[in-house]
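Below is one structure; the comments refer to it alone.
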Amino acid sequence: MKALTFPGGVHPPYYKAISMSEPLRGAPLPLIAVIPLSQHIGAPNEPLVKKGDHVEEGQVLGKSGSFVSSPVHSPVYGKVLEIKKAFHPVMGPTLSVFIERNKNKEPRGYVEQDVEEFSPRELIEKIRNAGVVGMGGAAFPTHVKLSVPEGKKIETLIINGAECEPYLTCDHAVMTRRTQEILKGIEIVIRILQPKNTYIAIEDNKKSAIFAFQRMIKESTYKALLGIQVVLLKTKYPQGGEKQLIKAISGREVPPGKLPLDIGFLVQNVGTLYAIYEAVYFNKPLIERVVTISGDCLNRPGNYFVKIGATVRDIVEQYGVELYREPKKIIVGGPMMGFAQPHMDVPILKNTSGILFLSEQRARYFEERQCIKCARCVDVCPVNLVPTDIMKNVRKGYWDRLEKLHVTDCIECGACMYSCPARIPLVQYIKDAKSVIEGRK
């Protein structure tokens, strides 16, 4: 099987062996859960509970009337302590619901139901009510993505099992330990979209996941799954980007300013498909997810089922994750696209794929130097941008020129920064450019 890939990209040290071989572990319930009301792209939620309310596991805590939004639910039985702003790992201070867990209540049991009679519209509504969002990073509401506009047709469904970020192995853990459940999630999406082609795309450093899917598909009794193709991807960053997957598998490019939908493609992350399975088969909202806990500062790395709303401090103090040295940097997400945190009192969100504890050696700081015009950033850019041109125009304040440079097509993967010998923070310049362009609309 030939490994497929895309132009550009980089090969950072992957450090996946640290957590990949560890078992998928359960995690203690948080004593106090902190649930930000905004954990998605789209309209923010309004609280549906108030201080002093007793809530059940799975109860809706916040919701919006907007279609492009996603409700949040209580991960535990407990009491609402307060509703106030708390530190969000990406957005900063954000309105959140604080829930004190009822220690006398056992976690709720979810009963499997027959799903054969549900229509595509009913399946989408179940996914919406469960608060399922893209769990590979963007947190775009999944029900919106599956609601294909009239006049559009999804010809090709791609299941994203690339997981190209260093350190992160949560998707690998789900693919190898919950293979059948992911396939049932895929079958649900196929029923909704009726694509002509379906591919499960996995990098070639995850052979066990490839074999697991090949075996399960071969043994499957679901007719919709028999035509699925498992494709091998070359291990390269950012292979997991939607446009990079489409290019690698089909050879086609998503035009600048367009979406995969515009050329008949839809990409879904494997973690999202597991959440879809639980939402449809068990009426279970998205209240927990698998998170990679890794780095070079801890004794018990691995992948854990963590409740949404547990904090990084909970992970350190309750999960047996002993820090044997002081981390220089704590990152939510991966080292390329994640966010460094100022403290450990930040909650796990629906799209939190990892928590990294990195020493000074792994999280070195470099002084920015002058560009030497080597064009490495151009060579590695997966969307064919010229990052240095963007940087120069931002520095000079030539804002009118930036849209012509297609700055909004940047996926902020950090490949340009990683490859830059001058250590120029190119992604930050691009983010600044995007902010200005958005503010002028």
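Read-outs throughout are calculated quantities, based only on the coordinates presented, and are distinct from any laboratory measurement. Just so we're clear, the structure is a prediction, and the values are computed from it rather than from any experiment. Cβ atoms come from the backbone with ideal geometry, glycine included; neighbour counts cover every protein chain shown.
Please work out how much length the chain gains when fully extended from residue 138 to residue 102, using 0.36 nm per residue of separation minus the C-alpha to C-alpha distance, in nm with one decimal. So the chain would gain 9.8 nm between residue 138 and residue 102. Model label sites at residue 21 and residue 110, defined 7 Å from Cα along the beta-carbon direction, differ in position by 3.2 nm.
Work out, step by step, the length gained on full extension between residue 31 and residue 322: first 0.36 nm times the residue separation, then minus their alpha carbon distance; give nm to one decimal.
102.9 nm
Once both labels are positioned 7 Å from their Cα atoms along Cα-to-Cβ, the gap between residue 389 and residue 299 label points is 5.4 nm.
Student exercise: in the range 299-386, how many lysine pairs 8 or more apart or on different chains have Cα atoms under 29 Å apart? Mind dumping the intermediate values first?
Numbers: 307/328; 307/329; 307/350; 328/350; 329/350.
Counting lysine pairs in the range 299-386 gives 5.
Of the peptides 320-332, 29-41, the order by per-residue mean of other Cβ atoms within 10 Å, starting with the highest, comes out as 29-41, 320-332. In plain terms, if you count all Cα to Cα distances in the chain and split them into 20 Å steps from zero, the share in each step is 25, 59, 16, 0 percent.
Highest-first packing order for the peptide set 290-299, 355-364 is 290-299, 355-364, based on the mean count of other beta carbon atoms within 10 Å.
Taking packing as the residue-averaged number of other Cβ atoms within 10 angstrom, the listed peptides 256-263, 400-407, 5-12 run from highest to lowest as 5-12, 400-407, 256-263.
Checking the table 2/236; 153/184; 50/431; 79/184 against a 26 Å threshold on Cα-Cα, which pairs fail?
Result: 50/431; 79/184 exceed 26 Å.
Label-to-label distance for residue 204 and residue 369 is 3.4 nm, based on points extended 7 Å past Cα in the beta-carbon direction. R0 = 30 Å: FRET efficiency of residue 3 with residue 191, Cβ-based, nearest 0.05? That gives a FRET efficiency of 0.45. The antiparallel fraction among DSSP beta bridges confined to the chain stands at about 60%.
Only helices enter this figure: runs of n ≥ 4 DSSP H residues, each worth -39500 (n - 2.57), summed and divided by the residues of the chain, yield -7500 deg cm²/dmol at 222 nm to the nearest 500.
Relative to the current alpha-carbon distance between residue 11 and residue 229, full extension at 0.36 nm per residue lengthens the span by 75.9 nm. Partnerless cysteines in the chain, where a partner means another cysteine C-beta under 4.7 angstrom, comprise 164, 170, 297, 371, 374, 381, 410, 413, 420.
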